[in-house]
Amino acid sequence: MPRQTYYITTPIYYVNDMPHIGHIYTTVMADIFARYHRLSGREVRFLTGTDEHGQKIEKSAAAQGLEPIQLADKVVERYKHLWEVLNISHDDFIRTSQPRHQAGVAEMIKRIHASGDIFKGEYQGWYCAGAEAFVPDSQVEDGKDIESGYPVERLSEPSWFFKLSAYQDRLLTWYRENPECIKPKSRYNEVLRFVEGGLRDLSISRTSVKWGVPFPEDPEHVVYVWLDALTNYVSALGLGSEDSSLFDEFWPAQIHLVGKDILRFHCVYWPAFLMSAGIPLPKMIFGHGWWMKDETKMSKSLGNVVRPDHLIEKFGTDSLRYFLAREMAFGLDATFSDQAFLERFNADLANALGNTASRAVSMTGRFLDSQIPRDGDCGPIPEVARNTVEKYISHMEKLEPHRALETTWQLLSAINVFIQERQPWALAKKGDEGRAGLEGTLYGALEGLRIASLLIEPFMPDTAKALRTQRGATDLPTNLAAAPEWGGLKTGQAIGETTPLFPRVEIKKAMQEMALQDEQKADEKSSAAQGSETDESEDLIPIDDFAKVKLVVGVVKEAERVPKSKKLVRLMVDLAEPELRQIVAGIGAKYAPEDLLGRRIVVVSNLKPAKLMGVESRGMLLAASLDGDPDLLSPDGEVPPGTGVR
């Protein structure tokens, strides 16, 4: 009987910036499923990689004085290092700059062309470089793409087109006949509504971009970045090469794991391309949620991206992997905070797992000469363990990893309660009379923990190994189909050393240390940035950096002192917006609130909100400083509020 195969992919990540928590989450979750299916006896292929073409990469590289491939090489090394640190067990790392990928893109276009679905024409429309996509007129407001928030520009250029409109009915039929093809259900409904609204033919080449895969037989064009990028899932298996054995064995993919923001490309464009090329469709596209910070999606442009280097350095890889999998209900959004991380670390890892494991091993060492005791009356633990394994497998098969962890921790709780109720320390004092009870209690705890180690293996591979090592179970099988059977630990086997898995942390102290570390890193980054732009006389910035600052004229409508502060004044400023803008400024030592009413000022209006003395400030006033005293800057004449300052 042939072995079952399981092909799982992450999206390939843009190389215009360093990896952050969003990239980490997707890759860790894909790794968890890959490890789970390996433990279940399946032949797994796990792919990740980098998307290295397109306008964003060109611009980012130019801004740094690099060639696009130099920027790509630099960022790729960071990804590879981080995946090693995070224990990612990928089987392949695809780069769109590799010849094998470009051969796959050429083969994909060749097949689509043979189907009669490519034609040449002229494209005019709004192009969003930030999203690498054209957007309809209805999705553009104030020069920006409403969905992504990125600026758009009007483009008109010759282009090759894909007859996407011809695939509307076929796509709808696929969705309806395969309701599990897009998950969760909310994403499925979103895609269904979008396609029911009608599809337009898709531009699949560019002449305005040079960094990309040359369009076959038309080198003046490069392949549209999404057709290029999506093809990685099959080019990595050998499509377009002489050896198609991996493609034959693993395609179609069981799951494409992606963030919900790129769902449309994967659920509309990609299956349409595959249909045209005569290639089977993936079994499922899963669009997971976003990690939020301050109730807002993490975004480089908003400056709220979490790069959890300090968490890994201080608390280890497995603790971060556990938090990501446990904190987010798979498919929904979740909020990332250091506080939540530390609370889970103490409650779930230090206490429920670490303390339970330590108690069982230390008492075996103290009362039973560090040897596995005889199996005996293990109370409810064997039955709890069997039920836990069944529930765990059910949750993992249904793509509910957070639920799988929840049920595993119920087993740990049962073991801890069992130890507390049996009180092996009291049984040890009874000598021979309590020996059988002592051995049954500790065997039940140790064997239950061995089974728990198998269940946490996909999530925390290093911790799982340490748990088995402490129990003398390093040579036991780790296949979920057989290994959970009760009685795996052998009587008389020596246990390992008792070392704390997750020492408890003092949350308040840890938060202070991390805040200080963040400040130091910010200072270092600022100093490095200033040093790189400094000549002998002054710090210089490029004009693009200055253009990011939005300066407008405002009129002060309300002003009052902030309670308990000598300098802070709360202003309500008219910036020609629907509502007045609240700004807190440290000008109270020189200006009385009543003297500010009606005054015209210059405001930085796109500054990230901050709290001063508990009062939110959504902007900053411009003032000259002479001996520490601020002198507000004002325009000449009756300049209307909202007028831009250049």
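Values quoted throughout were computed directly from the atomic coordinates according to the rules given, and no laboratory measurement underlies them. Treat the numbers as computed from the prediction; the structure is a model and nothing was measured. Positions of Cβ are generated from backbone atoms using ideal geometry, with glycine treated the same way; all protein chains shown enter the neighbour counts.
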Response to the item:
Sorted largest first, the Cα spans of the chain on the principal axes come out in Å as 99, 75, 49
Worksheet item: How would you classify the stretch 548-632 from its alpha-carbon gyration tensor, with a ≥ b ≥ c the square roots of the eigenvalues: rounded for a/c under 1.5, else prolate if a/b is greater than b/c, otherwise oblate?
Response: rounded
Fill in: Cross-link pairs LYS508/LYS567; LYS557/LYS590; LYS183/LYS465 - those with Cα-Cα distance over 24 Å
LYS508/LYS567; LYS183/LYS465
Fill in: Evaluated at q = 0.08, 0.11, 0.12, 0.18 Å⁻¹: base-10 log I(q)/I(0), Debye formula over Cα of the stretch 93-249
-0.27, -0.52, -0.63, -1.32
Worksheet item: Using modelled amide H (1.01 Å from N, peptide plane; none on Pro or chain starts), what sits under 5 Å from the amide H of GLY619, excluding residues fewer than 5 places away?
Response: VAL584, ALA610
Worksheet item: Karplus couplings for the stretch 9-14 from phi (6.51 cos²θ - 1.76 cosθ + 1.60, θ = phi - 60°), rounded to Hz, Gly and Pro as x?
Response: 10, 9, x, 8, 9, 4
Discussion item. Are there any trypsin sites (Lys or Arg not before Pro) in the stretch 376-472 that are in a DSSP loop and have at most 12 other Cβ atoms within 10 Å? List them by number.
Written reply: LYS398, LYS430
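Give the relative contact order (percent, whole number) for the chain; include only Cα pairs under 8 Å separated by 6+ residues. Let's see the in-between values first.
On the way: 1091 pairs, mean separation 67.8, N = 646.
Relative contact order of the chain: 11 percent.
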Discussion item. Cut-off under 29 Å on the C-alpha distance; same-chain residues fewer than 8 positions from LYS110 excluded. Which lysines are left, in chain and number order?
Written reply: LYS56, LYS120, LYS163, LYS210, LYS283
Worksheet, complete the sentence: By Cβ neighbour count within 10 Å, fewest first, SER245, SER394 rank SER245, SER394
Practice prompt. Would you please state the base-10 log of I(q)/I(0) at q = 0.27, 0.31 1/Å for the stretch 374-417, with intensities from the Debye formula using one equal scatterer on every alpha carbon?
Written response: -0.89, -1.04
Worksheet item: Along the stretch 102-108, what does the Karplus equation 6.51 cos²θ - 1.76 cosθ + 1.60 (θ = phi - 60°) give for ³J(HN,Hα), rounded to whole Hz, x for Gly and Pro?
Response: 5, 5, x, 5, 4, 5, 4
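With a cut-off of at most 12 other beta carbons within 10 Å, and DSSP calling the residue loop, which trypsin sites (Lys or Arg not before Pro) in the stretch 1-97 qualify? Please list them.
Answer by residue number: ARG3.
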Practice prompt. Would you please give the residues with an amide H less than 5 Å from that of ASP51, counting only those at least 5 places away or on a separate chain, with H modeled from the backbone geometry?
Written response: TYR13, TYR14, VAL15
Discussion item. Quick check: the distance between the Cα centres of the stretch 314-362 and the stretch 54-86, to the nearest angstrom?
Written reply: 32
Worksheet item: How much of the DSSP beta bridge set in the chain is antiparallel, as a percent to the nearest 5?
Response: 70
Discussion item. Through the Karplus equation 6.51 cos²θ - 1.76 cosθ + 1.60, θ set to phi - 60°, convert the phi angles of the stretch 602-617 into ³J(HN,Hα) values in whole Hz; use x for Gly and Pro.
Written reply: 10, 10, 7, 9, 10, 7, 4, x, 9, 10, 10, 6, x, 10, 6, 10
Discussion item. Restricting to DSSP H runs of at least four residues, report the calculated mean residue ellipticity at 222 nm for the chain, -39500 (n - 2.57) per run over all residues, nearest 500 deg cm²/dmol.
Written reply: -12500 deg cm²/dmol
Worksheet item: What is the antiparallel percent of DSSP beta bridges lying wholly in the stretch 5-302, to the nearest 5?
Response: 55
Worksheet item: Listing VAL602, VAL556 from the residue with the fewest other Cβ atoms within 10 Å to the one with the most, what is the order?
Response: VAL602, VAL556
Worksheet entry | Proxy reagent accessibility, fewest Cβ within 10 Å first, across VAL105, VAL44 | VAL44, VAL105
Item to complete: Using a/c under 1.5 as the rounded threshold, could you call the stretch 5-302 rounded, prolate or oblate? The axes a ≥ b ≥ c are square roots of the C-alpha gyration tensor eigenvalues, and prolate needs a/b larger than b/c, oblate otherwise.
Response: rounded
Worksheet entry | Long-range amide H partners of THR335 with built H, under 5 Å | MET292
Fill in: Computed lengthening from MET613 to ARG170, 0.36 nm per intervening residue step minus Cα-Cα distance
153.6 nm
Worksheet item: Once both axes come from the Cα atoms, what is the angle between helix 507-532 and the longest principal axis of the chain, in degrees from 0 to 90, rounded to 10?
Response: 40
Item to complete: Once you have a ≥ b ≥ c as the square roots of the Cα gyration tensor eigenvalues for the stretch 263-418, tell me rounded if a/c is under 1.5, and otherwise prolate or oblate according to whether a/b is larger than b/c.
Response: oblate
